Amino acid sequence: MKPDPIVAPLVKKLFEDYSTGLYTQQDLLKKYKVKGLKIERSALSRLLENPLYMGMVKVPAYKDEPEMLVEGLHIPLISKETFYIVQGVKNGRTNLIKKLKGKNDNFPLTSFLTCPECGQVLYGSQSNNGKSKKVTRTYNYYQCNSKHTCKRYRVEIIHNKLELALQNIKPAKEVLELFEKILIDEYKNVKTDRLKDINDLDKKIADIGYNQMMLTEKFGLDKIKEEVYNKLMDCYEKEMIDLKAAKAELGDYQHDLDKYVSFGLSLLTNLSEFYKNAGVEVKTKLLGSIFSNKLEFFENSFRTLPFNEAISLIGNYNKALGRNKNKKGSSQLRTSLTVPGVGIEPTHLSTRV
Ligand SMILES: [Zn+2]
């Protein structure tokens, strides 16, 4: 079995995303649809439990032999570990979303950092200055499993450096204007049904208003009796009330759109502030959408800050604006902000902060 060069990496990433417990299957359907993986809900569910992806083949039960899994001859797409984590998430046994809720507020970067010495994931740990001292002080560190051989890092230092890095993401006015257009498009795309319903109702309301006007005109010209006029007018009024109630139920589209856009813009302009004030869950989601890979901290600074494509483009675009305003840049940014990471390798910026 030769893996499809386009589909295989997507499936691999899909397994990894799902194993984090941060996404529902519905989220993944949406996320991967834009990336080009067209798959139905039921097929996704079957895919996620197919042992072929971890290199195993299911041998059906035969006579006295129960069903079993054997090593296949093909190259596995994902590790067995990932596969079984995915089964756990899928069956709700390992509810990582719940676990994440218990993620310690002191260590938002847990699972986002790798050890520069051994490559393991860093996690948060606390230690104090020992009981012999009068005042016990607690220190927070990020460290890997090889406690004795690798360095550990004070959380304050890492957090400050990250904040500085986020502060440096300052989109130019042109980028913001473009981003605003993208947000409006995005909102309209997602809310097409609602907009259509509102427009339909507006049209019906206008029609009834017109009918009422015509009716009044006829009545004024003595073309219909008062009795008929009152009866018809009554019908129109009732219909009008129903339509207006239905429209009110759909809410104020423009207001909601404005709210959505201004939130998006303020998020992009105040990323570091927003991050600082967010809870650990939102921090985790933000980090997941800002960085495409794990961060590496080494000797007082980040060795790698793998900003995802969209964020990198905002940076590059800013620089490019001074020199030439080419249309290509804007359309590139557009694609990348709306459809993050479609088949292109994420850009890795190695920046020292
Ligand atoms: Zn290490």
Pairs needed: first member in the range 261-282, on the phi < 0 side of the Ramachandran plot; second member anywhere, surrounded by fewer than 16 Cβ atoms within 10 Å (Cβ to Cβ) and among the small types (G, A, S); C-beta distance under 8 Å; at least 6 residues apart or different chains. F274/S266
May I ask you to verify whether N189 is within 29 Å of the chain's Cα centre (by Cα), away from the ligand (no atom under 16 Å from the Cβ) and closer than 22 Å to L287 by Cβ? no
Test Y123 against the stated conditions and say whether it is aromatic (F, W, Y), in contact with a strand residue (DSSP E or B) (Cβ under 6 Å, 6 or more places away or on another chain) and within 15 Å of the ligand (Cβ to nearest atom). no
Selected residue [modelled with pLDDT under 90 and out of contact with any strand residue (DSSP E or B) (no Cβ under 8 Å at 6 or more places or on another chain)] from K204, K170, K218: K170
What about E49, is it within 16 Å of the ligand (Cβ to nearest atom), of a type in the set (D, E) and modelled with pLDDT of 85 or more? no
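To keep it simple, each residue is scored yes or no on (1) within 15 Å of the chain's Cα centre (by Cα); (2) of a type in the set (S, T, Y); (3) in a helix (DSSP H, G or I).
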| residue | (1), (2), (3) |
| --- | --- |
| K259 | no, no, yes |
| L267 | yes, no, yes |
| F274 | no, no, yes |
| V282 | yes, no, yes |
| L286 | yes, no, yes |
| S289 | yes, yes, yes |
| E296 | no, no, no |
| T304 | no, yes, no |
| S312 | no, yes, yes |
For the range 50-60, indicate whether the set of residues that are part of a loop (DSSP other than H, G, I, E, B), surrounded by fewer than 17 Cβ atoms within 10 Å (Cβ to Cβ), under 28 Å from the mean Cα position of the chain (by Cα) and not acidic (D, E) is non-empty. yes
Right, L265: touching an Asp or Glu at 6+ places or on another chain (Cβ under 7 Å) and not polar (S, T, N, Q) or not? yes
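Per-residue answers, yes or no, for (1) open to solvent by less than 50 Å² (accessible area, probe 1.4 Å); (2) farther than 13 Å from E296 by Cα; (3) at pLDDT 85 or above; (4) in a strand (DSSP E or B):
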| residue | (1), (2), (3), (4) |
| --- | --- |
| G124 | yes, yes, yes, yes |
| S127 | yes, yes, no, yes |
| S132 | no, yes, no, no |
| Y139 | no, yes, yes, yes |
| C150 | yes, yes, yes, no |
| L164 | no, yes, yes, no |
Counting only residues that are outside any helix (DSSP H, G or I) and not charged (D, E, K, R), which one in the range 166-186 is surrounded by the most Cβ atoms within 10 Å (Cβ to Cβ)? P171
Selection from the range 24-49 of residues without any contact (Cβ under 8 Å) to a residue 12 or more places away in the chain and open to solvent by 70 Å² or more (accessible area, probe 1.4 Å) yields K30, K33, K38, E40, R46
Hey, does the range 315-324 have a residue that's closer than 30 Å to G119 by Cα and either modelled with pLDDT of 85 or more or not hydroxyl-bearing (S, T, Y) (or both)? yes
From the list Y229, Y253, Y275, exactly one residue is aromatic (F, W, Y) and modelled with pLDDT under 90. Which is it? Y253
Test of understanding: among N145, N168, which residue is more than 16 Å from the ligand (Cβ to nearest atom), more than 30 Å from Y253 (Cα to Cα) and not β-branched (V, I, T)? N168
Residues of the range 196-229 satisfying the condition of being within 20 Å of D252 (Cα to Cα) and surrounded by 15 or more Cβ atoms within 10 Å (Cβ to Cβ): D197, I198, L201, K204, I205
When you go through N160, N189 one by one, which is the residue that is open to solvent by 50 Å² or more (accessible area, probe 1.4 Å) and either assigned to a loop (DSSP other than H, G, I, E, B) or modelled with pLDDT of 85 or more (or both)? N160
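The values are calculated or read from the model by the stated rules, or taken from the named source; none is laboratory data. Computed from a prediction, not measured in an experiment: that's the story for all the values here. All Cβ positions, even for glycine, are placed from backbone atoms using ideal geometry, and neighbour counts span all protein chains on display. Only protein heavy atoms, including side chains, enter the accessible area calculation; ligands, DNA and RNA are left aside. Shrake-Rupley method; radii C 1.70, N 1.55, O 1.52, S 1.80 Å.
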